[in-house]
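What follows is a short report on a single structure.
The values are calculated or read from the model by the stated rules, or taken from the named source; none is laboratory data. Since this is a predicted model, take the numbers as computed values, not measurements. Positions of Cβ are generated from backbone atoms using ideal geometry, with glycine treated the same way; all protein chains shown enter the neighbour counts. With ligands, DNA and RNA removed, areas are computed over all heavy atoms of the protein, side chains included. Shrake-Rupley method; radii C 1.70, N 1.55, O 1.52, S 1.80 Å.
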Amino acid sequence: MLAQRMLAAHPSQSSLSFFELLDDPILERIAFYLATDRFIGPPSELVPLLCISRTINESLRFRSDSHLYSQIFRYKFDSAAILRRLSWGRTTVNCMAKELLKRCATLTRIRHPNPENIAHLQEDLWTIYLMMLENDCKNMVQLCGWAELPTWLANVIEDKCQVPLQHPLSWFNDIEGTSLALWILWMSSDEESVRHEDLFTRNKLSNRLKPFLVQGHRFSSSYAPDTYFYLPLCEELEAEIPCTTGPPLPIVRDIVHYGRTITLAAPPLVPAALLNFVVRMEARLDDNPLPSAVAQLPATRADATAMGLHIPHLTQEDVVDFHFHTRTRFFGDYNNLGSERLDSAWFRVVSCHDLWAVERPLRGIFYHLGSLTGHWNGRALIPDLQTHIDVNMRNRRQNVQNVTWALERISCVFQEHHCLNPDEPMPAPAEAHGWGEDVLNGWLPRRLKIDHEADGLILHDPETGKTVRYETYHPERENHYSGSFKGSSEWRCDLPPQIVSEDAQDESVDDYDEVCEELLSGVTDIIITGETHERVGEAWGSFSFIGRVRPWDGFVVLLRIPTDAARSYTGRWIFKGYIHEHSLVGRWRETGTGVDQVGYEGGFVLCKVDETTVDAV
């Protein structure tokens, strides 16, 4: 009996059909063309082929032919980003084949939602988010063209808002899931989709985003506390860290990506909420007329000058330009860089999850040299002071929806200045109470003296006696500095030349080297200086800016100082955030309140006006 079963399971050559006798490489090519005849969607056409016979199934099933499934993956999904960012051990044939299975399962759950899928919600959100970070066209087509991502995402957001607040997946309780959902919403939105949202949907989403902006100190805005310039932290430092950017520690998740476990830090929530909120607010401005009081302003700057009005003073043309023409740029590949423009976001997610880790094997590009150089234009959200205080005081129960905002135009021109090897950068001074470095002064000494030269800055700290020269960076020049200094300006993954390692298929081998090769740029520190654009200063007031870029993750902190008496009442503010593609997004804060207290603060979005060539650091 056993022998008969074995014969049935393994038929003789004479009993096989002509099709079953085909060599495996030929069968594989037939299967590949069948599976890829339709680009969009999972390769469901393989199912009938696998059901023809046991012989065909044994030859083409996943366990027997991972090469086939890796080829299908590369046809249907983008792979350039992962080959650029990860080492060979995560880009083998087996890894790509496993990723195909995972993505097809996710796409199917998105297209065909049911209550049982909630068990996979977190996994699916991470899969979608990472697919978007790796998108070079194919991934987005699969997500939006076949899986109908926008419809699914709208339902996920609605469900998260409808469940009780105490539910583990609720809008405010599940910060990780909400952050991923908002980043996916931002990366899948464009000007047309936001403009065509019905008013009820737009207002409902804006109201749901508002708490993240009004009480931004409660939610994550960065991957590490802004009070620290020097990272990683020492082991003796406790986890209870004062922080003005939300919880001091990132939300960390271990997920399976390309068949192997990888540790990730959830992207900060507040920047995503801010971007989604601001573009919808700007869409409302497009449909709203100007307030009647604007007609009382002088029509033009020439009229204001003729009337003898003191600067700064608004004119009708200033208000029209701000109301109708100052706009946030949507997510998109404006410079034809593909997924490469998202490398910084990827490397933050994979390597900024442990504030104490000395070794970060996947550390890569966090900030591109020259990114901030140029003209930036945008707006700050200024909450009503009294309602802001009421909402954020613990003993008061003010509704966050009662907070109203004024909008302030920000238009400034920045320059970058680099400390170059072998010079040592200006030390970041300690905070007065011992909480890291002095973020409320832009991580710079309080009594710092700055001498501007033609192609650089001379910084002098009277307290320590230290003097350092910083070279001004000119991205438009062939030689970016005034001298003859030259250095590599790239970070590259240590990848082999082949696209996929055909012979590295043993999934039991986990001791491969997960490393990225660091090619030093020679830049040891970056100082940013800037000033309000002259035309905007005449209307809104003039300011100067100075600050730093944190090398650990590319976090930018800028100290804004009023330069005319008419705006001196505002005091000094800091602006802190990350560059997301072509936008600097984050939160501003007054500096009169200690870092361990909730200060007067709000959000801001600046977009680069003049795109210039940038290098990577």
task: Quick one: residue 143 ticks every box in (1) at pLDDT 95 or above; (2) open to solvent by 40 Å² or more (accessible area, probe 1.4 Å) except a single one, so which number is it?
output: (2)
message: Pull out all pairs, ordered by first then second residue, where Cβ-Cβ is under 9 Å, the residues are six or more apart or on different chains, the first lies in the range 192-215 and is touching a residue at least 60 places away in the same chain (Cβ under 8 Å), and the second is among the acidic types (Asp, Glu).
response: 194/282; 195/286; 205/197
- prompt: Can you tell me which residues in the range 88-99 are surrounded by fewer than 22 Cβ atoms within 10 Å (Cβ to Cβ) and within 13 Å of residue 257 (Cβ to Cβ)?
  reply: 89, 90
task: Please enumerate the residues belonging to the range 371-418 that are surrounded by 21 or more Cβ atoms within 10 Å (Cβ to Cβ), in contact with a Pro (Cβ under 8 Å, 6 or more places away or on another chain) and more than 16 Å from residue 609 (Cβ to Cβ).
output: 403
- request: Among what's in the range 304-328 and is open to solvent by 60 Å² or more (accessible area, probe 1.4 Å) and among the charged types (D, E, K, R), pick the residue that is farthest from residue 272 (Cα to Cα).
  value: 317
- request: Select from the range 341-362 the residues that are part of a loop (DSSP other than H, G, I, E, B) and among the aliphatic types (A, V, I, L, M) and write down the one among them that is most open to solvent (accessible area, probe 1.4 Å).
  value: 358
- prompt: Identify, please: which residue in the range 146-178 is hydroxyl-bearing (Ser, Thr, Tyr) and at pLDDT 95 or above and is, among those, surrounded by the most Cβ atoms within 10 Å (Cβ to Cβ)?
  reply: 178
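Yes/no matrix, rows are residues, columns are (1) at pLDDT 95 or above; (2) open to solvent by less than 20 Å² (accessible area, probe 1.4 Å):
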residue: 575; (1), (2): yes, yes
residue: 581; (1), (2): no, no
residue: 588; (1), (2): yes, yes
residue: 592; (1), (2): no, no
residue: 596; (1), (2): no, no
residue: 599; (1), (2): no, yes
residue: 605; (1), (2): yes, yes
residue: 609; (1), (2): no, no
residue: 615; (1), (2): no, no
- line: Just one listed residue, out of 233, 205, is open to solvent by less than 40 Å² (accessible area, probe 1.4 Å), more than 21 Å from residue 382 (Cβ to Cβ) and at pLDDT below 95, and it is 233
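Matching residues to (1) surrounded by 19 or more Cβ atoms within 10 Å (Cβ to Cβ); (2) out of contact with any Leu (no Cβ under 7 Å at 6 or more places or on another chain):
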position: 15; (1), (2): no, yes
position: 19; (1), (2): no, yes
position: 27; (1), (2): yes, no
position: 37; (1), (2): no, yes
position: 40; (1), (2): no, yes
position: 45; (1), (2): no, no
position: 58; (1), (2): no, yes
position: 61; (1), (2): no, no
position: 75; (1), (2): no, yes
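Any residue that is under 20 Å from residue 573 (Cβ atoms), in contact with a helix residue (DSSP H, G or I) (Cβ under 6 Å, 6 or more places away or on another chain) and not hydroxyl-bearing (Ser, Thr, Tyr) - is there at least one of those in the range 428-442? I'd like the intermediate steps shown before the answer.
Narrowing the range 428-442 to residues under 20 Å from residue 573 (Cβ atoms): 428-429, 431-432, 435-442.
Filter once more, so that each one left must be in contact with a helix residue (DSSP H, G or I) (Cβ under 6 Å, 6 or more places away or on another chain): none.
No, every residue in the range 428-442 fails to be under 20 Å from residue 573 (Cβ atoms), in contact with a helix residue (DSSP H, G or I) (Cβ under 6 Å, 6 or more places away or on another chain) and not hydroxyl-bearing (Ser, Thr, Tyr).
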So residue 301, is it among the charged types (D, E, K, R), closer than 24 Å to residue 197 by Cα and either in contact (Cβ under 8 Å) with a residue 60 or more places away in the chain or open to solvent by 30 Å² or more (accessible area, probe 1.4 Å) (or both): no
- request: Inspect the range 331-342 for any residue being closer than 27 Å to residue 217 by Cβ and either of a type in the set (Ser, Thr, Tyr) or over 16 Å from the mean Cα position of the chain (by Cα) (or both) and give the result as yes or no.
  value: no
query: Are there any pairs with C-beta distances below 9 angstrom linking a residue in the range 322-340 that is without any contact (Cβ under 8 Å) to a residue 24 or more places away in the chain to a residue that is open to solvent by less than 20 Å² (accessible area, probe 1.4 Å), with the two at least 6 apart or on different chains, and if so which?
result: 333/339
- prompt: Is at least one residue of the range 363-374 at negative phi and either of a type in the set (S, T, N, Q) or in a helix (DSSP H, G or I) (or both)?
  reply: yes
query: In this structure, is residue 118 assigned to a helix (DSSP H, G or I), touching a residue at least 12 places away in the same chain (Cβ under 8 Å), open to solvent by 70 Å² or more (accessible area, probe 1.4 Å) and aliphatic (A, V, I, L, M)?
result: yes
